[in-house]
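The values are calculated or read from the model by the stated rules, or taken from the named source; none is laboratory data. Predicted model, so just to flag it, every value in this text is computed and none were measured. A quick note on method: Cβ atoms are made from the backbone with ideal geometry, for glycine too, and the neighbour counts reach across all protein chains shown.
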Amino acid sequence: MSNDTPQSPTHDQGLFKWLWRNYLSRFWPYLTLALLFMIIEGSMLGALSFIMRPMFDTVFIEGNEGAIRYVALAIFCIFGARAFAAVGQKITLAYIMQKMAAALRTDLLSHLMKQDGAFHQTHPPGFLIQRVQADVISINEGWRALVMGAGRDAVTLIVLMGVAISVDWKWTLVALIGAPLVLAPAQLAQKFVRARSREARDLGAKLATRLDEVFHGIVPVKLNRLESYQSRQYSALTDDLVKAEVRANAGGAIIPGLIDIMSGLGFVGVLVYGGSEIISGEKSVGQFMSFFTAIGFAFEPLRRIGAVSGRWQMAAAGIERLRELLEMQPTLVSPSKPKPAPNGVPEIALKDVRLSYGDTEVLRGASFTAEAGKTTALVGASGAGKSTVFNLLTRLVDPSSGSAEIGTVATADMKLEDLRGLFSVVSQDAALFDESLRENLLLGRTDVTEARLQEVLEAAHVTDFLPQLANGLETQVGPRGSSLSGGQRQRVAIARALLRDTPVLLLDEATSALDAESEAVVQAALESLSKGRTTLVIAHRLSTVRDADKIVVMEQGAVVEEGRHEELLAQNGAYARLHELQFKTSGPTADSVALASQGRRRKGSAGAARGSSRRDGSSLLSRISARLFRR
């Protein structure tokens, strides 16, 4: 950002140059055409004021009837040309505005998605939505007013002043006698408008954030009877926004108001000074009418040019915000000389990793190895650092010290695209979009055949509920997949992971929010998905990971135990305490029942089919055991 004050002309010029260089310049042919239309439209008012002189002196005063048709034709041509130019100018500017807004919003969204997690923690969605939507609209209105002021209104003013001067330059000076009185108040008004506009933009962002939080949290709002509270909070912010917007618009209205006062002084001066010359016959009525029309027409574009300053101050506040965002660079970037990503199914290792968020240390020398092609589970209390491990592996964060390695290559040494191309992630909150089920599965891919898609749908058990949907794969799933159940959304996420066909699978509490029946189906699909991959699982419910090849127990950011389920129980340490807490002190919970069921299945017990949810899981496992995963 420039060191100039936000209200300085140099700073404003820098903002417009940035906007021109990055966006407006690509539309210069259309801007040239629009300016040509503006010149035609603006000059027509000068022509109309000029035609007043022969109309009054030749037609009305001298009574020359033959001149009527020529004057009438000239006036019609003036209005016709003005109409044509006005329509062409508006259409051309509308095209430029929409195309530029689309480019700016697309660039901004693309840039914001590349920012680090720390950026999104300090810039809530509502704030960013306000930047992408409202600020872009404000910028469009600002540059449009500026271009039209420099084009149509400036040309109009120049031509009209030329007509006025051609009649009498002394009258013109008298008409502009109040101009110096406008300058100082106009400068103060500009500063005021910029400040109030920045305030309004910030309040708009807070309002958008509040709406985002309310609508995403509508269920807890209802359950906790927070409707009145949220309404009061929103109303208070709205009141502040109203005050800021009214002040900004009031400041913007001051300049045209001052110009009106200047206009009134000018007209009075011309009447007093020029009236005697007309009475004495030094000037004709036609000359006065031509001058009067030119000056009368001139004050309107002058008012608009004065208003441009206020509009530009509002737009400049938005440009400052967007420029700041677009010039922010992510700290997590690909290395200048990246190493190639490992081939095949890799081993994963954390080596003495330490990581802090601010003053809080979340990983304290964590070390473990996840063997290639096997399942490693991370367990521990909330806040133990399990999710942070996933963030490290995918380079959403970097360690303060130590390293995370995929197949002996440190994550920081790979291109971000290559690194993240190694992973498929299935979490407890499947990210679905308000599009068709097919599009949510393919996510823009065009290289998936129908046969492959059908295979994946069956493996992920999407085909179990697909016939229930009105339009099959073309059914719209609603915002965030709201028309699907939790278990159905998870199966869609698993199908996505199958289509990605990556060597590493990350499962983050993928079944924690599901009922027993849905969990059985999803767990079966996950077991199919994990075959032939290095799989890391985060789980609070130990029943879901007791069959893992390795269980890593974490406490307060450190690895305290490793081993298989039976080995860890025998150690009677941290894992045993977790097991005791979940399965002994709380009686026969759903988890303990599922644990017993899994134990009986592993021993080949014939009683493993007892219970509808366990029957579903067992039968589904048998259905897919011979089928999938074709790498």
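What are the residues in segment 75-103 that are more than 32 Å from the chain's Cα centre (by Cα) and among the aliphatic types (A, V, I, L, M), if any?
75, 78, 81, 83, 85, 86, 87
Can you name every residue in segment 330-367 that is touching a helix residue (DSSP H, G or I) at 6+ places or on another chain (Cβ under 9 Å), surrounded by 16 or more Cβ atoms within 10 Å (Cβ to Cβ) and not in a loop (DSSP other than H, G, I, E, B)?
348, 350, 353, 355, 362, 363, 366
Do any helices (runs of 4 or more DSSP H) entirely within segment 43-152 hold 1 or more residues that are closer than 27 Å to residue 312 by Cα and without any contact (Cβ under 8 Å) to a residue 12 or more places away in the chain, and if so, which?
The helices (runs of 4 or more DSSP H) meeting that bar are 66-113.
For residues that are assigned to a helix (DSSP H, G or I) and closer than 20 Å to residue 533 by Cα, tally how many sit in segment 375-390.
Matching residues across segment 375-390 total 4.
Confirm whether residue 376 is hydroxyl-bearing (Ser, Thr, Tyr), without any contact (Cβ under 8 Å) to a residue 40 or more places away in the chain and touching a strand residue (DSSP E or B) at 6+ places or on another chain (Cβ under 8 Å).
No: the conditions fail for residue 376.
May I ask you to say which residue of 376, 369, 408, 394 is polar (S, T, N, Q) and modelled with pLDDT under 90? Don't jump to the end; show me each part of the working.
Working: 376 fails: modelled with pLDDT under 90; 369 fails: modelled with pLDDT under 90; 394 fails: modelled with pLDDT under 90.
None of the others qualify; the one that does is 408.
Look at residue 276 and say whether it is outside the structural domain of residue 120 (by TED's automatic domain parsing), free of Cβ contacts under 8 Å to residues at least 40 places away in the same chain and of a type outside the set (Val, Ile, Thr). Break it down stepwise before answering.
Values: outside the structural domain of residue 120 (by TED's automatic domain parsing): no; free of Cβ contacts under 8 Å to residues at least 40 places away in the same chain: yes; of a type outside the set (Val, Ile, Thr): yes.
So residue 276 does not fit the description; no.
In the set 237, 241, 326, 265, which member is in contact with a His (Cβ under 6 Å, 6 or more places away or on another chain) and either closer than 30 Å to residue 21 by Cα or surrounded by fewer than 20 Cβ atoms within 10 Å (Cβ to Cβ) (or both)?
Going through 237, 241, 326, 265 in turn, just one is in contact with a His (Cβ under 6 Å, 6 or more places away or on another chain) and either closer than 30 Å to residue 21 by Cα or surrounded by fewer than 20 Cβ atoms within 10 Å (Cβ to Cβ) (or both): 326.
What do you reckon, is residue 209 assigned to a helix (DSSP H, G or I), touching a Pro at 6+ places or on another chain (Cβ under 7 Å), closer than 30 Å to residue 124 by Cβ and at pLDDT 80 or above?
For residue 209, the condition - assigned to a helix (DSSP H, G or I), touching a Pro at 6+ places or on another chain (Cβ under 7 Å), closer than 30 Å to residue 124 by Cβ and at pLDDT 80 or above - is met.
For residues that are within 24 Å of residue 301 (Cα to Cα) and in contact (Cβ under 8 Å) with a residue 12 or more places away in the chain, scanning just segment 25-35, find the one that is surrounded by the fewest Cβ atoms within 10 Å (Cβ to Cβ).
Among residues in segment 25-35 that are within 24 Å of residue 301 (Cα to Cα) and in contact (Cβ under 8 Å) with a residue 12 or more places away in the chain, the one surrounded by the fewest Cβ atoms within 10 Å (Cβ to Cβ) is 30.
Applying the selection to segment 403-432, what residues are outside any helix (DSSP H, G or I), among the charged types (D, E, K, R) and closer than 14 Å to residue 391 by Cα?
405
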